[in-house]
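Enquirer: Mind having a look at this structure? Questions to follow.
Bear in mind that the values in this text are calculations on the coordinates, not laboratory data. Quick caveat: nothing in here was measured; it's all calculated off a predicted structure. Counting neighbours? That spans all protein chains shown, and the Cβs are built from the backbone with ideal geometry, glycine included.
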Amino acid sequence: MEVVILPGSKQIASLAADAVEALLRRKPGAVLGLATGSTPLPIYSELALRHERDRLDFSQVRAFALDEYVGLPADHPESYRQVIAREFTARVNISPANVHVPDGAAADIPAACQRFEDAIRDAGGVDLQLLGVGTDGHIGFNEPGSSLASRTRIKTLIEQTRRDNSRFFGNLAEVPHHVLTQGLGTILDARHVILVATGAQKAQAVRDLAEGPVSAICAASVLQLHPHATVLVDEAAASSLR
Ligand code: F6R
């Protein structure tokens, strides 16, 4: 695992966008793994800028979201299908048919999770997975206690995560309790993983994931086992590193 400490989110966005750009110039049909949440937003803005300004081409890209809420209609503004389109994929030339999000409205949840895993495999696997990290160390929505070998499945959000995400919904009661998420085993299959974290509220999670034991208590610590994991943090998020 390589940890890079940068002055702020602008520099993080620029470095992460450089990695995406280098991949697309080498492999125009690359498979991207996309995180939602606030931290990656400057990366998506930087990529949208490079698409407009430098003609960075996404026409052959396939993309897979990390997770989705269960029980929100697909057209709900906070469903991750909507968020990922609004914040990124609709701002570049990725074909909507090439953007895959777990189906949180499916009647048969295990079948929907299997279809999602199959779609990743059929695309040839994820080349570059972008990740944020929760204050409890989750990646995707693999909350503390998640199996390190898990695949896409339904999970229950812990109260801390629901509280953290209530800022998107107006109030806590609106935040779904359940999600579909890529498993830790699914995430580990990506060929390169870039995790981004900013702000002092992420300092403990960053310390645990980079310096703690590999443990399901901090799901992100599993990235210590990944052969090509890059962690981009600002100084506040790095402030508890030894
Ligand atoms: C979102 C996701 C989550 C977030 C994490 C951090 O798709 O998988 O793991 O990355 O909750 O969210 P922010 O960046 O909003 O602090």
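Enquirer: Of the residues in the range 141-153, how many are within 14 Å of V70 (Cβ to Cβ), within 11 Å of the ligand (Cβ to nearest atom) and in contact with a helix residue (DSSP H, G or I) (Cβ under 6 Å, 6 or more places away or on another chain)?
Expert: Residues flagged as within 14 Å of V70 (Cβ to Cβ), within 11 Å of the ligand (Cβ to nearest atom) and in contact with a helix residue (DSSP H, G or I) (Cβ under 6 Å, 6 or more places away or on another chain) within the range 141-153 amount to 0.
Enquirer: Consider A90 against the criteria (1) within 28 Å of G199 (Cβ to Cβ); (2) within 15 Å of the ligand (Cβ to nearest atom): it satisfies all of them except one. Which criterion is unmet?
Expert: (2)
Enquirer: Hey, among the residues in the range 177-190 that are within 23 Å of V3 (Cβ to Cβ) and in contact with a Gly (Cβ under 7 Å, 6 or more places away or on another chain), which one's surrounded by the most Cβ atoms within 10 Å (Cβ to Cβ)?
Expert: Q182
Enquirer: Looking at T156, is it crowded, with 22+ Cβ neighbours inside 10 Å, within 25 Å of A112 (Cα to Cα), within 15 Å of the ligand (Cβ to nearest atom) and of a type outside the set (A, V, I, L, M, F, W, C)?
Expert: On the way: crowded, with 22+ Cβ neighbours inside 10 Å: no; within 25 Å of A112 (Cα to Cα): yes; within 15 Å of the ligand (Cβ to nearest atom): yes; of a type outside the set (A, V, I, L, M, F, W, C): yes.
For T156, the condition - crowded, with 22+ Cβ neighbours inside 10 Å, within 25 Å of A112 (Cα to Cα), within 15 Å of the ligand (Cβ to nearest atom) and of a type outside the set (A, V, I, L, M, F, W, C) - is not met.
Enquirer: Then there is this: Do we have D108 as closer than 24 Å to F58 by Cβ and away from the ligand (no atom under 15 Å from the Cβ) here? Outline the logic, then answer.
Expert: Details: closer than 24 Å to F58 by Cβ: no; away from the ligand (no atom under 15 Å from the Cβ): yes.
Criteria not met by D108.
Enquirer: Testing G185 on (1) within 15 Å of the ligand (Cβ to nearest atom); (2) under 19 Å from the mean Cα position of the chain (by Cα); (3) without any contact (Cβ under 8 Å) to a residue 40 or more places away in the chain, one condition comes back false. Which one is that?
Expert: All conditions are met except number (1).
Enquirer: Any idea how many residues of the range 27-73 are assigned to a loop (DSSP other than H, G, I, E, B) and within 16 Å of the ligand (Cβ to nearest atom)? Break it down into steps so the answer makes sense when it comes.
Expert: Within the range 27-73, the first condition is being assigned to a loop (DSSP other than H, G, I, E, B), and the residues that meet it are 27-30, 35-40, 55-61, 66, 70-73.
If we keep only those that are within 16 Å of the ligand (Cβ to nearest atom) too, we end up with 35-40, 66, 70, 72.
Of the residues in the range 27-73, 9 are assigned to a loop (DSSP other than H, G, I, E, B) and within 16 Å of the ligand (Cβ to nearest atom).
Enquirer: I would also like to ask the following. So in the range 191-206, with the set limited to residues that are free of Cβ contacts under 8 Å to residues at least 60 places away in the same chain and touching a strand residue (DSSP E or B) at 6+ places or on another chain (Cβ under 9 Å), which one is surrounded by the most Cβ atoms within 10 Å (Cβ to Cβ)?
Expert: The extreme case among them is A203.
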